[in-house]
Every structure is written in C-alpha cells, then in structure tokens.
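The values are calculated or read from the model by the stated rules, or taken from the named source; none is laboratory data. Remember, it's a predicted structure, so these values are computed and weren't measured experimentally. In this analysis, Cβ positions are derived from the backbone assuming ideal geometry, glycine residues included, and neighbour counts consider all displayed protein chains. The accessibility values were calculated without ligands, DNA or RNA, using every heavy atom of the protein model including side chains. Shrake-Rupley method; radii C 1.70, N 1.55, O 1.52, S 1.80 Å.
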Amino acid sequence: GAREELAAAFALDTVTACLAAQRVGAVLVATDDARFSAALAATGAPCIPDGDSSDLNATLRQTAAEARRRWPGMRPVALCADLPALDAADLDGALVDPALEGERPAFVADAARVGTTLYSAPWDLFEPRYGEGSRQAHLEAGAAEVTGPLTTLRRDVDDLPDLQVAAALGVGEHTRRVLDALGLF
C-alpha cells in the first residue's frame, strides 16, 4: 500500500512541477486508474487510458498521438512520473536546450546515467526507448543527449536510496505528506 501511495504522490508532484514550468504548454497523462485520473485532472492535467500498459513505449507513442491531435503546434515531451523532487526551473532549463528544439530526438539521462527521465522528438520521429539501459538505447537511435546539471530532472526514484536523495533535494507536497505519514526522511 505504501508503495502505491508513494508512486501516486510522485506522479502528482511531477505533474504539478510540469504545470508550473513556463515552457510547458499542456500536460497529458496516460493511466487506467480512474481514481488517480480524477486526482490528476484536478491539477489541470487531462488523462487518457494507457492502452497497452505492458509496453511503456507503446503507451508513450499513443499518448503523443493524442497530444498531437489536441495540440498540433507543440513538440511532444515524455517525462517519467517518478520525479518527486522535480523543480519547474530545471524542466524549463532542459526545454530551452538547443537539443530539444532541434529536428532530431533528444533526451535527458537520469542521475546514474543509465536511464532516461525525459525524451522529446518532432512528432514524426517520436520513438522513445524507455526501459533498461534507455540512455544507451536513445544514443544508439541517434538522439541527442541534453547536458547540464538539471539535478531535480535527473533524480528519478527507483529505490529507497534514490528516495532519500530526492527527499534531501526537497520533494513536492504530495510526496512529503506520504513520507511524513510513513515516518521516512
């Protein structure tokens, strides 16, 4: 139960930070959880069913297709939902990077430089490669890597030590509430 509460709190804090970023025009979330969908919609982020939840990349492509239908003038950006310390300024910093404004895909690696926390590409080239070793998979596919500190954007949470580091950076209010209830950090 605590793991589910934390995951929901992470996602709510991630979406809240996205909505606070000046360079983000809209947020669209894919989830099949109706109760969670209502909580996300209350933040101002519409939700769609996640389709094939066993294939994250297929879900992201489906979500990007719906985003293109809704907002054809925007560039799609896929972002992990496990970024509870995400600061809108870090996200804005990444979104102004020339690599994310170019004509080829681009991504932000996680703090361990193994995974990916953000992926973007022009609509017709949107082919994310999230999963184990995604940083290398994106590089091999020709995506540009966004550099710079981007500390909170790189800090995804995969385990308890990651959560401890994120908490030290300062997590969002939803995650803080759950951590306090659990007596963690």
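Here are some notes:
- Fraction of antiparallel bridges per DSSP, region 74-185 only, in percent to nearest 5: 80 percent
- From helices alone, the chain scores -13500 deg cm²/dmol at 222 nm; the rule is -39500 (n - 2.57) for each run of n ≥ 4 DSSP H residues, then divide by the residue total.
- Dipole moment magnitude, nearest 20 debye, region 26-133 about Cα centre, only Lys, Arg, Asp, Glu C-beta charged: 280 debye
- When each of the peptides 5-18, 139-152 is scored by how many other beta carbons lie within 10 Å of its residues on average, the order from highest to lowest is 5-18, 139-152.
- Three-way shape label, region 39-82, alpha-carbon gyration tensor, a/c 1.5: oblate
- Charge tally for residue 123 (other residues, Cβ to Cβ under 10 Å; Lys, Arg +1; Asp, Glu -1): +1.
- Computed from Cα atoms, the angle from the helix 160-169 axis to the main principal axis of the chain rounds to 90 degrees.
- Considering only alpha-carbon pairs that sit under 8 angstrom and 6 or more positions apart, the relative contact order computed for the chain is 24 percent.
- Among 156-164, 76-84, the order from most to least packed when residues are scored by Cβ within 10 Å on average: 76-84, 156-164
- Within a Gaussian network of the chain (alpha carbon springs, distance under 10 Å), most fluctuating of 122, 72, 49: 72
- Among 35, 113, 135, residue whose mean-square fluctuation peaks in a GNM of the chain (springs only between Cα atoms under 10 Å): 35
- Cα-based shape type of region 1-84, given that a ≥ b ≥ c are square roots of the gyration tensor eigenvalues and the cut on a/c is 1.5: oblate
- Neighbours of residue 51 by Cβ distance under 11 Å: Lys/Arg scored +1, Asp/Glu scored -1, total -4.
- Per residue solvent-accessible surface (Å²) - the chain, probe of 1.4 Å: 50 Å²
- Student exercise, the chain dipole from Lys, Arg, Asp, Glu Cβ charges, in Debye to nearest 20: 400 debye
- Carbon and sulfur %, accessible surface of the chain computed with the full protein complex present, 1.4 Å: 52 percent
- Separation between Cα centres of region 23-38 and region 128-185, rounded to whole Å: 19 Å
- Look at the Cα gyration tensor of region 65-185: its axes a ≥ b ≥ c give a/c of at least 1.5 with a/b over b/c, and that counts as prolate.
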